[in-house]
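One structure below.
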Amino acid sequence: MSTISSARLLQSTFAGSGRKAFASRGPMSSQCLTPLRLRAIPRQPAAPAGFHSSAVRSFKTVEEAKSRYRSGPFSWKAGLLFLLSGVGLTFYFRTEKERMERKRIAEMSKGVGKPKVGGPLNLVDHEGKERKDEDWRGKFMLVYFGFTRCPDICPEELDKMAEMIDLVKKSKGNVMTPIFITCDPARDTPPVMKEYLAEFHPDIVGLTGTYDQIKQTCKSYRVYFSTPPDIKPGQDYLVDHSIYFYLMDPEGDFVEALGRQHTPEQAAKLISKHIGDWEGPLKK
Ligand SMILES: [Cu+2]
């Protein structure tokens, strides 16, 4: 009689204290469960070996298993995904903003009535050949104004230009013609230009012309031009010029002026991006 009542008391204790009591059952209760387990065994092999059953078994308590399932959707994987998509979106919007800004700059001079930079060229190259800007249609042009007797700025800028040419070629191929236009046509004849430019890069095309042709070209590119006309042989004079690389698109329209604030790497990157934005035909 006393054994039955104590067993009943034990049962009710289990019922009242819930799962924790269930988990911390002593040797007595495991004895009670034995027949049940034996009955369950034949059904076990039907499940894929070590899949669901082992996963459930690895949790020490039901509570722990439940909390593990609950924390599932907010695991480190979900956190990482959230973070990555955030970074991705930020990157996308930044790239898109940059692209729109480049496009705005590139299209500024394309519109009707907008101030034009650049225009028709009608000059002579360093080989003595007559050249027009149409000769380079289908390619970007990188135009620089200077003079061969320039003591420091031009050599420095032409070294930079050479670096830019190689970097752009490496990333986009041979799609850009670098051009050096002299502001000192009296002294910079084709042979002088040829010899001078060979020191910097074989791709650079040197352009010269008459005083009026050069003056007109500088005016159309908005380059400050101070060279006096009618220079007598041996006369000293000052040549001044703006220090910009003018990027022109394959239709001959001005894209952007790159100044001294850009390193060759930064300039090449910007040029390559403009080339990447270009949707029209491009000569390789
Ligand atoms: Cu110079």
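Below, the figures for the structure above:
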item	result
Filtered residues of the stretch 150-180 (kept if surrounded by fewer than 15 Cβ atoms within 10 Å (Cβ to Cβ), within 16 Å of the ligand (Cβ to nearest atom) and either in contact (Cβ under 8 Å) with a residue 24 or more places away in the chain or not in a helix (DSSP H, G or I) (or both))	Pro151, Asp152, Ile153, Asp159
Residue list for the stretch 221-242, filter: on the phi > 0 side of the Ramachandran plot and basic (Lys, Arg)	Arg222
Single unsatisfied condition, Asp203 versus (1) open to solvent by 30 Å² or more (accessible area, probe 1.4 Å); (2) over 25 Å from Tyr237 (Cβ atoms); (3) touching a helix residue (DSSP H, G or I) at 6+ places or on another chain (Cβ under 8 Å); (4) in contact (Cβ under 8 Å) with a residue 40 or more places away in the chain	(4)
Subset of the stretch 274-284 [part of a helix (DSSP H, G or I) and under 13 Å from Lys170 (Cα atoms)]	Ile275
Matching option when the condition is surrounded by 13 or more Cβ atoms within 10 Å (Cβ to Cβ) and among the β-branched types (Val, Ile, Thr), among Thr208, Thr263	Thr208
Hits in the stretch 215-232 (condition: outside any loop (DSSP other than H, G, I, E, B) and touching a strand residue (DSSP E or B) at 6+ places or on another chain (Cβ under 7 Å))	Thr217, Cys218
Test result for Asp249, open to solvent by 70 Å² or more (accessible area, probe 1.4 Å) and not aromatic (Phe, Trp, Tyr)	no
Selection count, the stretch 129-169, where residues are within 12 Å of Pro264 (Cβ to Cβ) and in contact with a helix residue (DSSP H, G or I) (Cβ under 9 Å, 6 or more places away or on another chain)	12
Any hit, the stretch 125-142, residues being closer than 14 Å to Met248 by Cα, small (Gly, Ala, Ser) and touching a His at 6+ places or on another chain (Cβ under 7 Å)	no
Qualifying position, being within 14 Å of the ligand (Cβ to nearest atom), in contact with a Lys or Arg (Cβ under 7 Å, 6 or more places away or on another chain), of a type outside the set (A, V, I, L, M) and open to solvent by less than 50 Å² (accessible area, probe 1.4 Å), among Phe225, Phe147	Phe225
Hits in the stretch 217-257 (condition: closer than 14 Å to Phe140 by Cα and either among the hydrophobic types (A, V, I, L, M, F, W, C) or free of Cβ contacts under 8 Å to residues at least 12 places away in the same chain (or both))	Phe245, Leu247, Met248, Phe254, Val255, Ala257
Hey, Lys194 away from the ligand (no atom under 14 Å from the Cβ), open to solvent by 80 Å² or more (accessible area, probe 1.4 Å) and at pLDDT 95 or above or not	yes
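The values are calculated or read from the model by the stated rules, or taken from the named source; none is laboratory data. Because the structure is a prediction, the values reported are computed rather than measured. Using ideal geometry, Cβ is built from the backbone for each residue, glycine included, and neighbour counts are taken over all protein chains shown. To get the accessible areas, we keep the full protein, side chains included, count just its heavy atoms, and leave off ligands, DNA and RNA. Shrake-Rupley method; radii C 1.70, N 1.55, O 1.52, S 1.80 Å.
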